[in-house]
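Enquirer: I have a structure I would like to understand better, so I am pasting it below and will then ask my questions one at a time.
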Amino acid sequence: MELSVLIHNFDVPGQLITIIPIGGGNINDTFLGIFRNAFSETQVILQRINDKVFPKPDLIMANMHLITRHAHRKLAKEILTSDRVWQLPKIVPTRDGRDYYRSEEDGSYWRVITKISSATTFPTTQGPEHAAECGAVLAHFHSLVADIKPGLLTEPIPGFHVTPKYLALYDKTTPDKAAQARLSTSVEARRLAQFIEERREFASTLERAIKRGELKTRVMHGDPKITNIMIDDYTGKGTAIIDLDTVGPGLIHYDFGDAIRSICNPAGEEEMNLNKVVFDMDLFEAFVRGYLHYGSDFLTDADRAYLFDSIRLITFELGLRFFQDYLAGSVYFKTKSPAQNLNRARVQFRLCESIESRERMIRAALNK
Ligand code: GN1
Ligand code: MG
């Protein structure tokens, strides 16, 4: 696929100068496109949507269209009264006015979105102030979309954060010959399998709360990890949350838990030395401070009661997803080596243990 030809299907002003691969996402392929004319430069993000993971790219683009149109309207209104210019990428349409382009050559799906300039995402948390800004960005996003009816959006991946669904998938995978071989040859793999067994009951905590009517479905981001939160290079403030593929109906607890498991583990998702993987209470308290500053008004008492569980659960869930994918031969998450998903699972499970051992402190900080 010739990218320099493909990108001309999108309505970007200027002459194309170059296209550079960027981003370390685990799912899509991402590129930076640079265009210039005689007096300025336009930089855009070109992405190939992974249609194995997102089987209906038109649905995720329809979600993105709805969310961004709603958000940009609100952002324009609040720009004079807010403490910063909050941003969100915008879809750059194709020349014939569509939100994405489907290649006639190989059927692949492509989109272009605007690039948030003079802002950076970091692979790991730089310190408490950074964590607080991440909390502010997530809460601001939640408040931006709080008045969208969740029923207007489609689930990008059915049951994306329904943890028991991943347990069922894991149970389907483990009897396979290749999975059994991976389990029988690795002590670590067997230790992780045992870790999962001890938490089966816990896996349904949030789903039970939904069934009992304690927690309500709202609009969630779905993937608010640290690398999806942009910090302004000049002010140091959070400015945007990116990667809107997984936006859809869900619990804001999934977002809260996911952001925290990623932001409060300074070692990051790929650490090899498990001794370095700890849940950092300073980063956590700073994140919560930032989140509550912008988000305290939409949390009910019942919401608050499940915040600790959400942190523990999403960490467990991601470990389970990495481990299941490892046993299945790494067909979902991109990997550079055969054991990468096994190690990613080890990291999340160690983090989960660290969260469990700090339960009292975490709950106390949430109730301050
Ligand atoms: C995947 O592709 P990326 O890096 O944005 C995954 C998330 C995981 C994350 C872990 C659609 O996100 O759920 O939390 O990896 N996205 C999907 O790094 O499965
Ligand atoms: Mg993502």
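The values are calculated or read from the model by the stated rules, or taken from the named source; none is laboratory data. Note that the structure is a prediction, hence the values are computed from the model and not measured. Quick reminder, even Gly has a Cβ in these numbers, built from the backbone with ideal geometry, and neighbours come from all protein chains shown.
Enquirer: List the strands (runs of 3 or more DSSP E) that sit entirely inside the stretch 1-77 and contain at least 3 residues that are touching a residue at least 60 places away in the same chain (Cβ under 8 Å) and more than 15 Å from ligand 1 (Cβ to nearest atom).
Expert: 41-49
Enquirer: Give D243, D325, D258 a once-over and let me know the one that is within 11 Å of ligand 1 (Cβ to nearest atom), over 30 Å from L152 (Cα atoms) and touching a helix residue (DSSP H, G or I) at 6+ places or on another chain (Cβ under 7 Å).
Expert: D325
Enquirer: Could you tell me which numbered condition F122 fails, if it satisfies all but one of (1) crowded, with 16+ Cβ neighbours inside 10 Å; (2) touching a His at 6+ places or on another chain (Cβ under 8 Å)?
Expert: Every condition holds for F122 apart from (1).
Enquirer: So L192 fits all but one of (1) out of contact with any His (no Cβ under 7 Å at 6 or more places or on another chain); (2) closer than 21 Å to F284 by Cβ; (3) surrounded by 13 or more Cβ atoms within 10 Å (Cβ to Cβ); what number is the exception?
Expert: (2)
Enquirer: So, in the stretch 202-240, of the ones that are within 15 Å of ligand 1 (Cβ to nearest atom) and β-branched (V, I, T), which residue ends up surrounded by the most Cβ atoms within 10 Å (Cβ to Cβ)?
Expert: I229
Enquirer: Follow-up question, since we're still on this one. Pull up the stretch 70-90, narrow it to residues that are touching a strand residue (DSSP E or B) at 6+ places or on another chain (Cβ under 9 Å) and under 24 Å from L32 (Cα atoms), then point me to the one that is surrounded by the most Cβ atoms within 10 Å (Cβ to Cβ).
Expert: Only one residue fits best here, namely L88.
Enquirer: Shifting gears a bit: Inside the stretch 91-114, can you point out the residues that are surrounded by 18 or more Cβ atoms within 10 Å (Cβ to Cβ) and either without any contact (Cβ under 8 Å) to a residue 40 or more places away in the chain or of a type in the set (D, E, K, R) (or both)?
Expert: I91, D99, R111
Enquirer: While we're looking at this one, here's another question. In the stretch 207-238, what count of residues is obtained for those that are touching a Ser or Thr at 6+ places or on another chain (Cβ under 9 Å), farther than 18 Å from P164 by Cβ and away from ligand 2 (no atom under 13 Å from the Cβ)?
Expert: Counting residues in the stretch 207-238 that are touching a Ser or Thr at 6+ places or on another chain (Cβ under 9 Å), farther than 18 Å from P164 by Cβ and away from ligand 2 (no atom under 13 Å from the Cβ) gives 6.
Enquirer: Looking at G248, is it over 21 Å from I157 (Cα atoms) and either without any contact (Cβ under 8 Å) to a residue 24 or more places away in the chain or under 21 Å from the mean Cα position of the chain (by Cα) (or both)?
Expert: The answer is no for G248.
Enquirer: Counting just the residues of the stretch 329-339 that are over 17 Å from E317 (Cα atoms) and within 13 Å of ligand 1 (Cβ to nearest atom), which one comes out modelled with the lowest pLDDT?
Expert: For the stretch 329-339, the residue satisfying everything is K334.
Enquirer: If you don't mind, another one. Among (1) surrounded by fewer than 15 Cβ atoms within 10 Å (Cβ to Cβ); (2) within 16 Å of ligand 2 (Cβ to nearest atom), which single condition is T185 missing?
Expert: Every listed condition holds for T185 apart from (2).
Enquirer: Here are some conditions: (1) surrounded by 15 or more Cβ atoms within 10 Å (Cβ to Cβ); (2) over 21 Å from the mean Cα position of the chain (by Cα). T154 meets all but one. Which one does it not meet?
Expert: (2)
Enquirer: Right, another one. List pairs: first in the stretch 324-340 and touching a residue at least 24 places away in the same chain (Cβ under 8 Å) and over 18 Å from Y166 (Cβ atoms), second aliphatic (A, V, I, L, M) and within 12 Å of ligand 1 (Cβ to nearest atom), Cβ under 9 Å, 6+ apart or cross-chain?
Expert: Once the first residue is touching a residue at least 24 places away in the same chain (Cβ under 8 Å) and over 18 Å from Y166 (Cβ atoms) and sits in the stretch 324-340, its partners that are aliphatic (A, V, I, L, M) and within 12 Å of ligand 1 (Cβ to nearest atom) give K334/I27.
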